[in-house]
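So the structure is just underneath, and the comments pick up after that.
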Amino acid sequence: MEPIDVIWLKKDIRLHDHGPLSIIAQSSPRQCIVLYLYEPDQLCEKTVHGSHIEFINEGLVDLDKRLSGNNCPSIGCKSIYQYTFQCITVCYAGAAFTLQSIHKQRPIHQILCHLETGHLKSFARDNAVRRWCRANQVAIQELDQTGVTRCLSNRDDFTKNFQRFIDQPLWETPTKWQLDKLRQSRLITPGQGQINLYGACATPLKPSQIHQIPEEHKNDRNERQYGGETSARSMFESFLTQRACNYSSGISSPITSWTSCSRLSPYLTWGNISLRYVIVMTRRKQAELREFKKETRGASPSPWLRSLASFQSRIHWRSHFMQKLESQPSIEEQDQCLAFSHLRRQPGDFNPDYFDAWCQGRTGFPFVDACMRCLLNCGWINFRMRAMLVSFATYNLWLDWKVIAPHLARLFLDYEPGIHYPQLQMQAGTTGINTMRVYNVTKQGKDQDPQGVFIRKYVPELKNVPNEYIHEPYNMPASLQKTCGVLIDKSKQRKSADGLNGFVQSDPKDSTKAALVECLHYPYPIVDEKSSAKAAKDKLSAVRKQQATKDEAKKVYLKHGSRRFRNEDRNGAAPNTSSGSMKRVKVDNTQKSLLSSWKSSQSQVSVDKVDGEEDSDAKDEHSEDEVDSILEAEMPQKIGGGVSMEPQSSVQTSPFSPKKKHMIESFFVKRGEQDGKATISNDVGWDCKACTYHNDKPFALACSICGSLRD
């Protein structure tokens, strides 16, 4: 029998920039089979959720229609399970078992697939397939699709390898003629009967049919994004043509981020859109904007170029974190800096009531609860809110990051192991090379949702609470609680997520049943925010100060720290954030105020303030926010790795108008901060050496993405 090729689909369910499909369509003379597997050993992972399966199925149907030349309108969520696969062979079985079954019926010449950076079970699966290939003398090609390098011993070559990957041309998308020819002569389709496989699926497999998923995790999320390459490319097009201009200004708030963020993360995770395609098309858009700006002599709207540069930085940052898990898969199960391994794991540390309240969005902190319930309903929320949820769980509730990891993975429609585990450890403070990020969740709510719009949407118990109390409803007088129809009683906390009804007397003098008013219960805060945060920070600080921790942190940096912008005289040393003596940095706002940052940059002393504490001299003729806004608006913008979008002049000139420069200088003089030597910096930003993100606020002490202190 003639040998065949196998295209093994994993997290690459698309047609564009797809190496295996492009190779088979253009050059291979052999028959082939396009294979997707619902793998029981992967589906039994505690991170799997029904919404993930639904999203995958939508992508499979979309790709099968593209391969089969079916141009009918997009199929809705309820009808994909009536769709019969025409081109993709789908099985509910293990990878090595299915390949062996194919090999017995038709010898396999080669397996073509994409490299996947997944959890430990997917690593084990990949190793098992490679062993099977060696034993059966079958060639396997694993093509790169994320810029992540397998078997990279340290970070010295990551940036160079990533850039080499990005600079490669996109794989050619098979043409209609090539696909027609492939189907007619070489593609082994499910209905032909040439190969009989165990667990073959004629239609997509419903989550309810997958025995490995617990019943409580088989449900879908009501308002999640729809999967598939068609949806992915439509989303990306709307971002590049309409929404990207507000990216930089709108990514922090859960209100504005729904439209200002690219919303591509689920499609990148499950391979409905190619990372390289996103980068290439974004660069093309940037070039168009620069050309337009040149032709119109600066008339191009500046938010576009700035926002796209910020977006490109985060794309690089995505692969940067995935490389960490690829280089050290054990990050999924153990702390990067082993000196922190005992924290949150002592007898009595885990409080199941705290964990349940956090999972359900019933902590008594409205902004935290709104974010969690949003995830339960939609499967997505912006990065800053995710970081806040982890910070609250690991610091205020003192929960182990390994305990909360599966719950969040099931919530995130865009669950990517390579981002998930390194980020959890970074937010929990166990990497050894990043600053502690302890969010003041009440202040975060006031900053990001000042009118309580987001809270009222996802915490309907508080819909009638006035703005004055929306972020701290436990401060409402009892009489106002009755008026608002919500009862906040510490002695009557509820564990369910639906706000059970209760009754209170509308008139204390009237004890009749008619005087009872129905109210919704909302829990009293389950912890004291400030004291719980302080206790947690003290525990981590004590560990960070130990010499053994510093030594371990240096090893972590040498393995995982970014080399992209390392100083020549650094000689591989770890950044200052690995030092146990480094004090806490306030991270409540997207950026620290200009005044406090300027103070610290002059004295080189870290800030050690209580989260949310205001400066006593904040009331002046020119506010800090006003000066910050001038700096942000007037500083020249930069692209990704620090290349200015503006033509560079040999003469250094101030980026501010004389009037605004005088305003900024007078701002410092009135506070007694100017000593005759200090000057307004013309710096236009700096690059974080830990995560490579370009921070565009020049006076920032800490990276707004990873929290690492500035060198």
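The values are calculated or read from the model by the stated rules, or taken from the named source; none is laboratory data. Because the structure is predicted, anything quoted here is derived from the model rather than measured. Neighbour counts run over all protein chains shown; Cβ positions are idealised from the backbone, glycine included. Surface areas here come from the heavy atoms of the whole protein model, side chains and all, with no ligands, DNA or RNA. Shrake-Rupley method; radii C 1.70, N 1.55, O 1.52, S 1.80 Å.
Scanning segment 462-477 for residues that are open to solvent by less than 70 Å² (accessible area, probe 1.4 Å) and either without any contact (Cβ under 8 Å) to a residue 12 or more places away in the chain or aromatic (Phe, Trp, Tyr) (or both) yields 469, 474, 477.
Selection of first residues in segment 209-221 that are among the acidic types (Asp, Glu) and of second residues that are outside any helix (DSSP H, G or I) and exposed (fewer than 15 other Cβ atoms within 10 Å of the Cβ), restricted to Cβ pairs under 9 Å at least 6 apart or on distinct chains, gives the following pairs, ordered by first then second residue: 220/77.
Go through segment 175-189 and give me each residue that's of a type in the set (A, V, I, L, M, F, W, C) and open to solvent by 60 Å² or more (accessible area, probe 1.4 Å). If the condition is that a residue be of a type in the set (A, V, I, L, M, F, W, C) and open to solvent by 60 Å² or more (accessible area, probe 1.4 Å), then 177 is the only one that fits.
If the condition is being part of a helix (DSSP H, G or I) and basic (Lys, Arg), then segment 316-357 contributes 318, 324.
Per-residue answers, yes or no, for (1) open to solvent by less than 20 Å² (accessible area, probe 1.4 Å); (2) more than 27 Å from the chain's Cα centre (by Cα); (3) over 14 Å from residue 243 (Cα atoms):
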| residue | (1), (2), (3) |
| --- | --- |
| 281 | no, no, yes |
| 288 | no, yes, yes |
| 292 | no, yes, yes |
| 295 | no, yes, yes |
| 303 | no, no, no |
| 306 | no, no, no |
| 313 | yes, no, yes |
| 316 | yes, no, yes |
| 319 | yes, no, yes |
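Quick check: is even one residue across segment 2-9 within 34 Å of the chain's Cα centre (by Cα) and not β-branched (Val, Ile, Thr)? The answer is yes; a qualifying residue exists. Among the residues of segment 158-171, not a single one is touching a Leu at 6+ places or on another chain (Cβ under 7 Å) and more than 25 Å from residue 283 (Cα to Cα). Pairs are defined by a Cβ separation below 8 Å, a sequence spacing of at least 6 or placement on different chains, a first member in segment 34-49 that is more than 19 Å from residue 61 (Cβ to Cβ) and polar (S, T, N, Q), and a second member that is outside any helix (DSSP H, G or I) and at pLDDT 95 or above; the pairs so defined are 42/48; 47/415.
Taking the residues in segment 158-174 that are open to solvent by 50 Å² or more (accessible area, probe 1.4 Å) and touching a residue at least 40 places away in the same chain (Cβ under 8 Å) as candidates, determine which candidate is nearest to residue 15 (Cα to Cα).
The selected residue is 173.
For segment 230-257, a residue qualifies if it is without any contact (Cβ under 8 Å) to a residue 12 or more places away in the chain and closer than 18 Å to residue 447 by Cβ, and the qualifying residues are 250, 256. Taken over segment 531-547, the criterion of being over 13 Å from residue 340 (Cα atoms) and surrounded by 13 or more Cβ atoms within 10 Å (Cβ to Cβ) is satisfied by 532, 533, 534, 535.
Total residues in segment 32-72 satisfying the condition of being modelled with pLDDT of 95 or more and among the polar types (S, T, N, Q): the figure is 4.
For segment 135-151, a tally of residues being touching a residue at least 24 places away in the same chain (Cβ under 8 Å), of a type in the set (A, V, I, L, M) and either exposed (fewer than 12 other Cβ atoms within 10 Å of the Cβ) or in contact with a strand residue (DSSP E or B) (Cβ under 8 Å, 6 or more places away or on another chain) (or both) returns 4.
Filtered by the rule that a residue be closer than 16 Å to residue 116 by Cα and touching a Gly at 6+ places or on another chain (Cβ under 8 Å), segment 147-174 gives 148, 162, 165. Please give the helices (runs of 4 or more DSSP H) falling wholly within segment 193-279 in which 2 or more residues are open to solvent by less than 30 Å² (accessible area, probe 1.4 Å) and in contact with a Ser or Thr (Cβ under 7 Å, 6 or more places away or on another chain). The helices (runs of 4 or more DSSP H) meeting that bar are 247-250. Residues that are of a type in the set (Lys, Arg) and part of a helix (DSSP H, G or I) within segment 446-491 comprise 446, 456, 457, 482, 490, listed in sequence order. Of all residues in segment 99-115, those being within 28 Å of residue 276 (Cβ to Cβ) and open to solvent by 30 Å² or more (accessible area, probe 1.4 Å) number 1. Of all residues in segment 333-353, those satisfying the criterion of being of a type in the set (Asp, Glu) and surrounded by fewer than 21 Cβ atoms within 10 Å (Cβ to Cβ) are 333, 349, 353. Evaluated against (1) open to solvent by 30 Å² or more (accessible area, probe 1.4 Å); (2) in contact (Cβ under 8 Å) with a residue 12 or more places away in the chain, residue 79 falls short on exactly one condition, (2).
Yes/no matrix, rows are residues, columns are (1) open to solvent by less than 10 Å² (accessible area, probe 1.4 Å); (2) closer than 24 Å to residue 536 by Cα:
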position	(1), (2)
384	no, yes
387	yes, yes
395	yes, yes
403	no, yes
406	no, yes
410	no, no
413	yes, no
417	yes, no
423	no, yes
